[in-house]
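Q: Here you go, one structure.
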Amino acid sequence: MKGHQQHSVLIVSPNNLGDGSDYVLEEIAIECSKRFERVEVIYLKQLNGKGWKNLPGNVFTHCLNAKTYNGGIFSLLLFLRKKFFRQQFYFSLSSNIHINASLGIAKFLGFLKTDFLIARESTVIFERFGFWKKLNYKMRYWLGYPFVDKVICQTEGMKKSLTTNISSLTKKCVVIYNPLNIKKIELGASETIEGIERFKPFILSVGRLISEKQISMLIDAYQLLLNKKTNLLIVGDGTERNNLQKQIDDLGLSQKVFLFGYATNPYPLMKQADICVLTSRHEGFPNSLLQMLVLNNNCISTNNCDVLQEIPTLKIVNNHVAVELSKAIEAMLDGNNFEKNELENKKFFLQKLNPKNFVNSLLQALSPDS
């Protein structure tokens with residue numbers, strides 16, 4: 001991409017936590033630093049996470065220190081007007097619908113000058129949320145996305161859902177699977193987490209404690225296990241924490257099921273778990289599951305996105321049935337010997353998801369022939 005070396009790019013993230021969509025944006029920023037003179041990164045809130053650290057010298061970060069995300073959106077418009085009013089970017093990219101729409105409005109107002117404005121969709125909005133929230137999101141699509149040049153969907157299923165509901169985006173959509181930095185994940189897995197031994201052996205779940213993640217169903221599935229020699233370790237935090245703790249206590253599982261809290265680096269836990277489990281209702285293309293698959297051959301997931309069927313060795317279960325999940329866990333605990341070719345196929349699938357391939361696909365989508 002030598003032809004782009006004179007250009008800079010802009011990436012906007014909600015925060016610097018290093019999870020979810022901002023993990024993806026960080027990988028894109030680092031890869032873009034190899035192809036462009038400057039990568040400007042704006043994040044709305046400063047959070048104590050593992051993301052956006054030890055960046056290449058041509059990646060420049062700007063934190064707006066917003067107290068709320070809504071306030072951060074307003075601050076973003078002012079910041080673009082003040083800081084980058086005369087700056088021309090080759091492309092600008094974000095991965096949050098509120099930021100995406102705001103960048104579209106900024107482009108319309110002339111606050112943002114960019115050859116291409118790219119909106120990456122972070123979840124399947126029209127399956128995940130109720131009427132009023134979907135209406136709220138539709139307003140953002142109507143207001144800001146007319147000025148977006150490309151919309152990145154993580155899967156074909158996400159693209160179909162989006163274009164069925166917002167048909168005006170059909171010609172703008174392109175499917176690019178999430179980037180995955182295997183070397184960084186494996187390096188993180190080599191670190192030590194003090195006190196981990198007291199949980200062993202354990203089944204692991206990693207994700208926000210919200211109803212969408214169905215952790216309550218996972219606890220019910222664990223309760224149904226005939227063999228409870230393996231503990232259940234739940235990593236993450238969120239609004240459902242108190243309800244989940246009450247459920248654990250009511251079931252008499254307080255010595256077997258543990259709410260670990262947020263972990264800056266969950267990779268050692270993923271590597272050392274007997275089984276890794278994801279129980280979401282809907283996902284775009286779950287980053288935490290991809291990370292689990294890099295480090296652990298024993299992974300189970302609900303059928304929460306259309307790409308999962310392509311992943312060798314992954315066990316997929318019904319989204320809402322604790323009995324089915326319990327049986328899958330029980331069977332995997334009893335022994336899960338994969339054929340050599342299955343493990344090699346899984347490795348090949350994951351290796352294709354590297355950040356270099358992602359940015360190559362992104363730049364190809366911006367070419368005149370796409």
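Q: Any residue that is assigned to a helix (DSSP H, G or I) and free of Cβ contacts under 8 Å to residues at least 24 places away in the same chain - is there at least one of those in the stretch 312-320?
A: Within the stretch 312-320, none of the residues are assigned to a helix (DSSP H, G or I) and free of Cβ contacts under 8 Å to residues at least 24 places away in the same chain.
Yes/no per residue for (1) among the polar types (S, T, N, Q); (2) closer than 25 Å to Ala189 by Cα:
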{"position": "Thr302", "(1), (2)": "yes, yes"}
{"position": "Asp306", "(1), (2)": "no, no"}
{"position": "Ser326", "(1), (2)": "yes, no"}
{"position": "Glu330", "(1), (2)": "no, no"}
{"position": "Leu333", "(1), (2)": "no, yes"}
{"position": "Pro355", "(1), (2)": "no, yes"}
{"position": "Asp369", "(1), (2)": "no, no"}
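Q: Considering only strands (runs of 3 or more DSSP E) fully contained in the stretch 87-172, which possess at least 2 residues that are farther than 21 Å from Lys213 by Cα and of a type in the set (D, E, K, R)?
A: 113-120
Q: It is to be established whether one or more residues within the stretch 215-237 are surrounded by fewer than 21 Cβ atoms within 10 Å (Cβ to Cβ), within 19 Å of Val124 (Cα to Cα) and either under 21 Å from the mean Cα position of the chain (by Cα) or among the charged types (D, E, K, R) (or both).
A: Scanning the stretch 215-237, I find no residue that is surrounded by fewer than 21 Cβ atoms within 10 Å (Cβ to Cβ), within 19 Å of Val124 (Cα to Cα) and either under 21 Å from the mean Cα position of the chain (by Cα) or among the charged types (D, E, K, R) (or both), so the answer is no.
Q: Collect the residues in the stretch 65-74 that are surrounded by fewer than 17 Cβ atoms within 10 Å (Cβ to Cβ) and either part of a helix (DSSP H, G or I) or at pLDDT 95 or above (or both), keeping them in residue-number order.
A: Tyr69, Asn70, Gly71, Phe74 - these are the residues of the stretch 65-74 that are surrounded by fewer than 17 Cβ atoms within 10 Å (Cβ to Cβ) and either part of a helix (DSSP H, G or I) or at pLDDT 95 or above (or both).
Q: List, please: which pairs have Cβ atoms under 6 Å, are six or more places apart or on different chains, and start with a residue in the stretch 141-161 that is assigned by TED's automatic domain parsing to the domain that holds Ser94 and end with one that is at pLDDT 95 or above and among the aromatic types (Phe, Trp, Tyr)?
A: Phe147/Phe108; Asp149/Phe116
Q: Could you give me the residue pairs with C-beta distances under 8 Å whose first residue belongs to the stretch 10-32 and is under 20 Å from Ser102 (Cβ atoms), whose second residue is of a type in the set (Phe, Trp, Tyr) and assigned to a helix (DSSP H, G or I) wherever it lies, and which are 6+ apart or on separate chains?
A: Close Cβ pairs satisfying both conditions: Pro14/Tyr69; Ile28/Phe358.
Q: Can you go through Leu17, Leu80, Leu112, Leu47 and tell me which one is buried (at least 18 other Cβ atoms within 10 Å of the Cβ), more than 27 Å from Lys172 (Cα to Cα) and in contact with a Leu (Cβ under 6 Å, 6 or more places away or on another chain)?
A: It is Leu17.
The values are calculated or read from the model by the stated rules, or taken from the named source; none is laboratory data. Predicted model, so just to flag it, every value in this text is computed and none were measured. Note that we place each Cβ from the backbone using ideal geometry, even for glycine, and neighbour counts take in every protein chain shown.
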